[in-house]
Amino acid sequence: MSRRYDPERRQRIIDAAIRVVGRSGIAGLSHRTVAAEADVPLGSTTYHFASLDELLVAALRQANEGFATAVRESGALADPGCDVAGELARLTGEWLGGDRTGVELEYELYLAALRRPALRPVAAEWCGAVAEALASRIDPVTARALVALLDGICLHVLLTDAPYDADYTRVMLARLIP
């Protein structure tokens, strides 16, 4: 299939990288596997992303949008009478209860920053985006603590296959909110 002018190609490559990581993990990611998944010439992947880290950064940025967007778009959090702990517990439950593959992918990319320094700023962006979404209701230090607690709870659920406990999450979050 010839695609001389293809303004969507870069995005298709990112989407393909996310599918490859979702299916085969980061170990299965290469320019070749992504090119095959995106149905583009190998040279297109290296044209748009000189290194795999550049491609992972783009994939992580895109994958990170899920939970932070849900928090940012929550109308309930804008309500001064909202139970912030309860709303965050509800949003976390919805996120974890949605597309499990997408959540696992998000965390796989997020945790890849442990070994790939190029990903660390993007992983930090996720934490910052959620904390910023809470800024109108919570002071910045408490917001970062809430994000760290939610991160730990989500990792626990993903790694142990334990069921998500919204009541526990709400109680623990409430302990941090002044």
Considering the stretch 45-70, residues that are part of a helix (DSSP H, G or I), farther than 13 Å from VAL122 by Cα and modelled with pLDDT of 85 or more, and then whichever is nearest to the chain's Cα centre (by Cα), we arrive at LEU52
Which one of these is of a type in the set (Lys, Arg), touching a residue at least 40 places away in the same chain (Cβ under 8 Å) and within 23 Å of LEU176 (Cβ to Cβ): ARG61, ARG116, ARG90?
ARG90
Counted residues in the stretch 3-26 being more than 14 Å from GLY102 (Cα to Cα), in a helix (DSSP H, G or I), open to solvent by less than 90 Å² (accessible area, probe 1.4 Å) and not β-branched (Val, Ile, Thr) come to 3
Going residue by residue through the stretch 123-138, is there one that turns out to be part of a loop (DSSP other than H, G, I, E, B) and open to solvent by less than 30 Å² (accessible area, probe 1.4 Å)?
yes
Can you tell me which residue in the stretch 71-84 is nearest to VAL122 (Cα to Cα), limited to those that are out of contact with any Lys or Arg (no Cβ under 7 Å at 6 or more places or on another chain) and among the aliphatic types (A, V, I, L, M)?
VAL71
Can you go through ALA123, ALA118 and tell me which one is modelled with pLDDT of 85 or more, under 22 Å from LEU29 (Cα atoms) and among the hydrophobic types (A, V, I, L, M, F, W, C)?
ALA118
Could you tell me whether the stretch 70-81 includes any residue that is hydrophobic (A, V, I, L, M, F, W, C), free of Cβ contacts under 8 Å to residues at least 12 places away in the same chain and open to solvent by 60 Å² or more (accessible area, probe 1.4 Å)?
no
Out of the residues in the stretch 146-178 that are more than 15 Å from the chain's Cα centre (by Cα) and of a type in the set (Asp, Glu), which is least open to solvent (accessible area, probe 1.4 Å)?
ASP165
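The values are calculated or read from the model by the stated rules, or taken from the named source; none is laboratory data. The structure presented is a predicted model; accordingly, all values stated were derived computationally and were not measured. Glycine also receives a Cβ, built like all others from the backbone with ideal geometry; neighbour counts cover every protein chain displayed. Accessible surface is based on the protein model in full, side chains and every heavy atom, while ligands, DNA and RNA are left aside. Shrake-Rupley method; radii C 1.70, N 1.55, O 1.52, S 1.80 Å.
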